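Values quoted throughout were computed directly from the atomic coordinates according to the rules given, and no laboratory measurement underlies them. The model shown is predicted, which means the values in this text are computed figures rather than measured ones. Using ideal geometry, Cβ is built from the backbone for each residue, glycine included, and neighbour counts are taken over all protein chains shown.
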Amino acid sequence: MQKRIAAIHDLSCLGKCSLSVVLPVLSALGAECVALPTALLPAHFAALPGVEARPLTGEMEEILSAWIRGGVTFDGVFSGYLAGPEQCGLVLELAERTLPSGLLAVDPAMADRGRLYHGYDHRHVEAMGALCRRADVIVPNLTESALLLGEEPRLEGWTRPELEALLRRLGQLGPSRVAVTGVALEVGKVAVACLDGTETAIFQQPLVPGHYNGAGDLFASVVTGAMVQQGRDFFSAVSRAMAFTSAVVAATAQNPCHRPYGLDFEPCLPRLLEALRRDGRERSDTVDLRTGG
């Protein structure tokens with residue numbers, strides 16, 4: 001059965017990030033993707049430096065009211081960049097009114113590399129914290145993790161026991177599933193540290209040097225779509241999203257002309273779908289063996 005997911009992210013007219021990544025990826029995974037834009041930009045900041053975001057808070061309120069009047073419900077809600085603390089409250093309202101039993105996934109996109117994004121302050125951090133406490137899944141980077149916990153960001157020198165302690169502190173805020181992205185445990189590798197209930201796991205892939213806009217959006221979209229549309233468990237979804245994002249970054253690195261505009265994920269989508277089908281076949285084979293089928 002096709003699932004309906006509300007995607008609450010900004011829209012950059014040029015450049016591949018946020019909704020221009022989320023919509024095609026969730027659709028490719030088989031979900032009905034319903035967009036709720038949070039801001040409008042001529043281009044994302046790496047594609048055309050100096051552009052300004054136009055918040056769409058008023059438009060969000062009108063759209064949300066129409067959905068509530070119409071009795072619209074969702075199987076999943078997936079939020080990313082929110083243009084102010086008021087929008088965090090709107091996501092909470094949407095989840096309370098239109099998400100009776102589905103998954104609320106939050107990418108607290110507000111900071112990176114040790115600092116808040118331009119235009120944000122402590123009020124936004126507090127509002128994002130309230131949203132993350134209600135979420136089922138959060139996917140912060142290391143900087144966002146520290147801000148949610150009221151701590152100073154620390155980007156390097158992590159050990160596995162320290163990461164496990166960080167995951168548990170984040171889980172104590174409310175979400176039962178946490179994936180902290182952009183972790184470095186070994187030279188030449190990038191990792192995602194995960195918590196699912198009381199269990200932890202770390203998934204690593206080869207590090208491709210450089211900064212790739214939209215990588216976090218791609219990762220979180222695959223995690224959300226794999227869980228909501230395909231019913232995969234959290235660790236399985238994170239592992240597949242990590243492998244796919246790493247492959248897309250490596251492919252994009254071979255095309256320097258495209259790098260300022262985002263990831264070359266479109267030609268790689270068939271590879272993702274085949275990997276998920278293969279995972280499903282292997283999972284079915286395992287069940288058959290266990291039951292004697």
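Among TYR120, CYS88, ILE63, whose Cα sits farthest toward the positive end of the charge dipole of region 54-126 (+1 at Cβ of Lys/Arg, -1 at Cβ of Asp/Glu, about the Cα centre)? Result: TYR120.
Loop-located GluC sites (Glu not before Pro) across region 112-205 with a Cβ neighbour count of 13 or fewer within 10 Å are GLU151, GLU156, GLU186, with loop assigned by DSSP.
Secondary structure note: in the chain, about 45% of the DSSP beta bridges are antiparallel.
Full extension of the chain between GLN2 and GLU266 gives 92.9 nm of extra length, using 0.36 nm per residue less the Cα-Cα distance.
What size of dipole, in debye to the nearest 20, comes out for the chain about its Cα centre when the only charges are +1 on Lys and Arg C-beta atoms and -1 on Asp and Glu C-beta atoms? My answer is approximately 460 debye. Relative contact order of region 18-133: 22 percent, from C-alpha pairs under 8 Å at least 6 residues apart in sequence. Shape class of region 110-244 from the alpha-carbon gyration tensor: rounded, with the ratio a/c of largest to smallest axis under 1.5. Across the chain, the longest piece that holds none of the trypsin sites (Lys or Arg not before Pro) lying in DSSP loops with up to 16 other C-beta atoms within 10 Å covers 155-293. Take the Cα of CYS13, step 7 Å toward its Cβ, do the same at GLU186, and the gap between the two points is 4.6 nm. For region 57-121, averaging the sequence separation of C-alpha pairs within contact (under 8 Å, six or more residues apart) and dividing by the residue count gives a relative contact order of 38 percent. Backbone amide hydrogens, once placed in the peptide plane, bring LYS189 within less than 5 Å of LEU207, excluding anything fewer than 5 places away on its chain.
Each stretch of four or more DSSP H residues adds -39500 (n - 2.57); spread over every residue of the chain, this sum gives -14000 deg cm²/dmol at 222 nm. Output the relative contact order of the chain, whole-number percent, from Cα pairs under 8 angstrom with separation of 6+ residues. Relative CO of the chain lands at 16 percent. Placing a pseudo-label 7 Å from each Cα along the Cα-to-Cβ vector at ALA165 and GLU52 gives an inter-label distance of 4.5 nm.
Extension gain, ARG133 to GLU86: 0.36 nm times the residue separation minus the Cα-Cα distance gives 15.3 nm.
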